[in-house]
Each structure stands twice: as C-alpha cells, then as structure tokens.
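> One structure is given below, represented as structure tokens, and several questions about it will come after.
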Amino acid sequence: MLHRQLAAIDAETPTRGVRWLLPALVAAAAVSAALLLWMIGEQRIAGMVVLGGLLIVGILSAIERRTRPAVLIRPVELPDYAIVGSALAMAGDAAALTDGDGRLVMANAQYGERFKGAPGPLTLGADEDARDLLDTARAMAWRDGAGCVAGVATVAGPIAVETQRVGAGGNLLLWRFPRAAQPDLLLLAAKRIAGATGERLANAGVLAALIDKEGRLLAANKPFTDRALARDQNGEDLRFTDLVDAHDEGQLRLLAEGENARPLRSVHVPLDPASEGGAGTFLMFDTLESGSLSTAGNVQVLLELLPLGLALVDRDGRFLTMNKAFRTAGGIKGDKMPSYPGDLVVKEDKAAVADAVRRNARGPAMSGDLAVRLSQQPAEPVALTVAGLRGLGDAAVLLLLKDNSEEAKLKRQVAQATKMQAVGQLAGGVAHDFNNILTAIIGHCDLMMMRHTPGDSDYDDIQQIKSNSNRAAGLTRQLLAFSRQQTLRPQVLQVPDVVSEVSHLLKRLLGETVQLVVKHGRDLGPVRADPGQLEQVIINLAVNARDAMADKGGGAVTIQTYAVRADQVAEIGSDILPVADYSAMSISDTGTGISPSVLGKVFEPFFTTKEVGKGTGLGLSTVYGIVKQSGGFIFADSKIGEGTRFTIYLPVHHVEPAARARTPKKPQENELWGTGTVLLVEDEPMVRTVAERALTRHGYSVITASNGHEALEVIALGEPIALLISDVVMPEMDGPTMVREARKSRPELPILFMSGYAEEQLRNSIDIDNVAFLPKPFSVQELAEAARRVLAAKGPDPK
C-alpha cells in the first residue's frame, strides 16, 4: 500500500510547483503596482506593471496545461486508526481488528480485560480443537466475507466468535466476541417472591422482601406487605430502611407494628454470592421468647414441606421435632415421638448414633453419614446423616433419614433379574449341548429299531433306551422353558378347551383324597399358545397343589377360567400387567400356604421346599418360562394355613375371520423317500453320523462337512445340491454366516437349520429369508419329514 501512495505523489510533482507560482506572481504584480502608484503617483506606469505581470501569468498557465499529465493519479490515504480505535471502544463486546493472517492490528479495552491481552484471536484457543475453530472462522470471513463459530474453549470459558472482512481493500478482519445474554436476576427473583415461592414461604410463616442495591423495595410476599406496609402505602418507591428498624443482636423490627413490635430474626440472601450486601432477599422469622422450638410452628411447617426425613435434636441429644417423612422412614407409628435418636436403631448401632449426635451438638458444626439398621427394619441398612446446627434456638443437631425401601426393593429386583438371566444362559447352554447327545442316542435307537422287529430279544432294550432318552429330552425342554429358549408351536386356542383336555389326567394325578373343581367363565377370548406346553403348566401347578395338601390329608384344587377386560386391568393398577384384554386362569388349593419369605423365590430354578429326592426345583421355574415366552404373566398369592393361588394372564389374540386350515396328515414311511444331493454341515461327529445315515436310508446322496468353511469349499466345486442342512452354532463360522455366503452363488438353495435353541429366538437373530427349522433332539423320521417338506416347498424333486 505504501509504495502505491509514493507513486501517486511522484506523478503529481512536475505540476505542483507551477500551480503554486501563478498565484504568487499575480500577487507580486498587484503589490508592485500599488507601491509605484503610492510613490510616484503615476497611474500609467503602474498599469503597465500590472499588464506585464498578467502577461507572464498567461504564459506560465499555458506551459502548465501543456505539461499536465493525461491521467491524474490521486493519492491513497492511510486509514485513520484513531477513528477505528474509537469505534471499537464504543462496541459493547470484546472486538479486535487483524490482518488476513490473524495478526492483531488493534483491539478495544473489553478484549484486553476479557482475554488478558492475548496477542491475537487465533491464540485464544485452550486446545488444538479450539484453535482449529478459530482458524475456521478466519478462513470463512476471508473467503465468504463473514463467518461465525460457537462453543470455542478458551481460558476465559466457552465463547462465540463472529468474523467479518472489512477495509477499503478488503484486507482486514473484524473479530467480535459477543457475550451470552444474562438474565435479569432481580426480575426473576421478584417473580419468585411475588409468586409460588413467596406463597410457600408465607405458609411457613416467613416474611420475604426483595431489595435492589440501593435498598429500594422491589417485591414482597403477603405476610410482609400485610405487616410492614401501612394502609396508605402501596409498596412503590419505598426503601427497606423506611419499613424496618435495626434491633439488638442483628434483629429487625417492623416500624408499622409500633414500638412494642416483637423483633424478627432476619437472613439476607444476596443475589451475588460473592458479595455480602447489595441486592438480595431478606427472610424474616418471628423470634421465640423461650428460645425453644417446641412452639415454633413455622419451623415445623418448613420441615413438613420438604420430602426428606428431617428431625431436630437439642444439645442433650433429645428429639425436638420431626416431619412426617422422618416418621415414615424410621417406622414410627402414631403421634408419640421417641426420646433419643438411638431409640430408632438396633442395639449394636445405638452407641455410634449417640456419639455422632454428641460430637455434632457440642463441637464445631460439621456433618457426616452413618450406616445404621433401624429396629423396625433390621435387615436393610440405611444412611443417617448427622449435621451440627448453630443459631437456631435449642436445635443443635439436624438428622436426615431417607426412606430407601423402594430403592432397596428395586436393587433386589435387579439382582434377582441378573441372577435369573445368568442361570438361564447357563441352563440354555447345558440344554443345547445335551440335545446334541440325545439326538445321537435317539437317532441310533431309530436306526437299530429298523433292523429289529417286535419280539426280538434286543427290541425291548432298544425301546427302553429310546424311552429314557425321550424323558431326558423332556428335562432339557424344562431347562429351555425356564431360560425361555425352548421351541414353541403356538396355536390359536381357547383356555377352557385345554383345561378340559387335561382334566382326566389331573384326576388320576391328584388321587382320591384331593377333589378337582373346574369352573369356566363366559366370553373368554382366544389366546395364542402351545397347547402341549400349556397343559404342562396346568399339570405342574396341580401337582404342586397336591403336595401342599399332603399334610392335611387332602383338600380341593380349583381351576377357574375367566375373562379380564382392559378397564378391569386399569382398575387393578398393576405396574407389571399392561392394560389389555386377557383370558385368565387361576389354580388354587387349600393347602398349608407359602410363607412371605419363600413366596418371592418360588419361581427361581432349583429352589424347592420339598425333601431331598422329592423335587427338582424346576417345576415352577418351567411354568414361569412357558408363560413368559407365550407373552403372558403369572402371579402367586398365599396365606399361611389357607392355601395358595397362582393366576395366569394370557393376552387375547385378535385375528381376522378366516377359514381354518386343515391339519396336514402325518406322512407315511413310504412317502418320506427322496432323491438328490444333500449337503450336511454339523460340527458334532455323533450328530453328523446319525443324520447322514438317516438321510442315506431315505434315498438321498449325502455330502458332509464339519464346519462352514468346508461347506463353502464343497459349494465352490459346483456340485449339484438339492438341500443344505446345517447346524446354527458352530466354531469358526456359524450356520447363518455360511448360508449368506452360499446364497451369493446359489440364491435359490433350500436351507434347513437344526439347533437346540428356540426357533423364535433364532428367527429374530437370523435375517435370512426362506429357511426352515428343525429343533433338536429329533428322530430319524422327523429329520426325513423336515427334508421332504423343504424340498416339496421348492418344487418337484430334483432328478
């Protein structure tokens, strides 16, 4: 910029001297003529001098015009930084002027105060991210003319930055650092004192008045205006000192109440915590003549307003007062108040509580927490806060006791849910591995029975092995039912129909000493559940009821079904049961009942009150798992000596009217034969062997693979494969992952998954279309049926 200014000055130098000489010559000629006329008085000579001067001026003017350049270059003036500085000083926010690279040219006083004289805006960032934001604001303004960023971390706290490209040449940047708008604290405080906060203080007998820093009254609650203002005063333009008078020991007296007014104890709460005086709120309490809190209704009202359990104790360790929340948390019945805090806790904690109260009452004011057990609830420790008080009459110690019964209940529920989840995962894993073993045992039994006929010496032994294996399979189903991982085959059914189907079996199970009473309600809606599993629920509950009545020599088991509408559920107000229509079933007995300490554990696995060898502890946990997996809810109620009732709520299944599909006829053995190549993928050798032999005996050509990688290698060879049968859980590569890779080259390949886990659980976790599922353990015939069904769904048998 400077060299352009110098060039402009040099361009004008040749003509600047001529322009200055012309006026000087005219002036000299005029002066000379005047002097000659005065000295010699000859007008003719003086006129000739003037004409000669004008001639010379004309000649010089012609010369000046001929030497003037064609283009006049005007000088570029430097900016007046004094004016710029004054403009920046008038800005309310911090501001700075920099060059394009962010180097500081000028800044106002607000910038220096706020950022402690930082050398430039780009250096304000507290870390690398903040400095990047500042550089972004600079680049935006230089490129687009303006920019802004917010939330920049600096030593002065988070700031917002606005940048703008300015200057005649557009080569300067203006930086502004606006402050967030601060709320008007006086206005907020005035609204609170005149509003709900003032009313709460009034209910507690507290007078409240808000003043500004000059002592003017801005707002007050009703007790203060009623007592401090005269009838002809409206509270406008009044000073607080005109309404109150200082009393002894820092107390105040209301002038409107006269000389005999009772002093008020006052507390000044400043708006600015850093300042002791100035604008703030005065809280005034009536002092007590006796100095005791026993008659201080205002303090009691204040305590009752708070949701925490609070109590005041004197210097001798005796209770002065306590609120309702403290009574509830401490288990105090009636209006009688205990004498000492130690009366609330068990014997082992009395000394610790008494010592804490004594130290806080007579020593320096401090606070601390104690873990104590209340005499009314010795099983659950609670936190008792003990804090010293000063200047509040006889009260020397503040006790805070929180009712954490709900919190303790939630903790127990979370712990129980965590334990049930862990045991469920363990049970599901054990059942999955056990199902593989049972699959091999049952499969080999089926293959052996194909070579033997009834009457052979080995046929009965094989049949017995298979029967015991099926019983073991039932045990694994119980484990899976508890962990909600069993495979259910739900149907739309009526609960009374299921009860009727199982009633004849129940009569034999209950025996002659137990009477079975069945009652059915009207208008029960259909439910969607597995009928076999629902029968298992009824049988388990009925058998438990029979055993509970054994000591009484018999009794009655009542099974009742009824409809529960949504409005009835809403009236119950249960936090567990959602509002909906249900079909309910209750099974009750007249047995010995269940104690409250045991009732909360009846659904836990392996928990039983029966003698060793008479119960596995899986009956009620299985019932719980089946009901929950069916989308229902189960509750237990019991009274000692009167009996127990289990109530099951199953949601009503709403379906559109449609024709019922016919139950498919079970295929005969000669209809299970097939042809084509089956790729069998199973990591368990014993299961793989049984499945291979079963499929081979039914006419299929079988290729086996022990994991997903081997299966993909077989598929890559281009072998024609009619069906892929795979386990779900395998090492290295699981079944779903392998199937996704296989479908890339053979998108129409039929898939049959087999697993010991629940079908619903697997379908929710496997996002693959057109797959079938076969639960373990399965028999040879069930495997052949599943393979035939999948191939039939695809189309004609492959040749």
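The values are calculated or read from the model by the stated rules, or taken from the named source; none is laboratory data. Nothing here was measured: the structure is a model prediction, and the numbers come from that model. Glycine also receives a Cβ, built like all others from the backbone with ideal geometry; neighbour counts cover every protein chain displayed. The protein model used for the area step is the full one, side chains on, heavy atoms only, and it has no ligands, DNA or RNA in it. Shrake-Rupley method; radii C 1.70, N 1.55, O 1.52, S 1.80 Å.
> Compare the peptides 343-352, 593-602 by average per-residue count of other Cβ atoms within 10 angstrom and give them in order, highest first.
Numbers: 343-352: 16.1, 593-602: 13.9.
With the highest mean Cβ count within 10 Å placed first, the list reads 343-352, 593-602.
> Ordered by packing density, taken as the mean number of other Cβ atoms within 10 Å over each peptide's residues, highest first, how do 496-502, 572-578, 778-784 rank?
Numbers: 496-502: 17.0, 572-578: 10.0, 778-784: 20.4.
With the highest mean Cβ count within 10 Å placed first, the list reads 778-784, 496-502, 572-578.
> Sorting Leu493, Leu680 by accessible area (1.4 Å probe), largest first, what list results? Display every interim value, and only then the final one.
Values: Leu493 25, Leu680 0 Å².
Largest accessible area first, the residues go Leu493, Leu680.
> If we sort 322-335, 450-463 on the protection proxy, mean other Cβ atoms within 10 Å, highest first, what's the order? Let's see the in-between values first.
Details: 322-335: 16.9, 450-463: 11.6.
The most tightly packed comes first, giving 322-335, 450-463.
> Let me ask something else about it. Keeping all protein chains in place and using 1.4 angstrom, which order do Asp523, Asp369, Asp212 fall into by accessible surface area, from largest down? Provide the component values of the computation, followed by the final result.
Values: Asp523 145, Asp369 115, Asp212 15 Å².
The ordering from most to least exposed comes out as Asp523, Asp369, Asp212.
> According to a simple spin-label model (label point 7 Å from Cα along Cα-to-Cβ), what is the distance in nm between Leu185 and Val543?
It works out to 7.4 nm between the two label points.
> Sorting Leu679, Leu370 by accessible area (1.4 Å probe), largest first, what list results?
Ranked from most to least accessible, the order is Leu370, Leu679.
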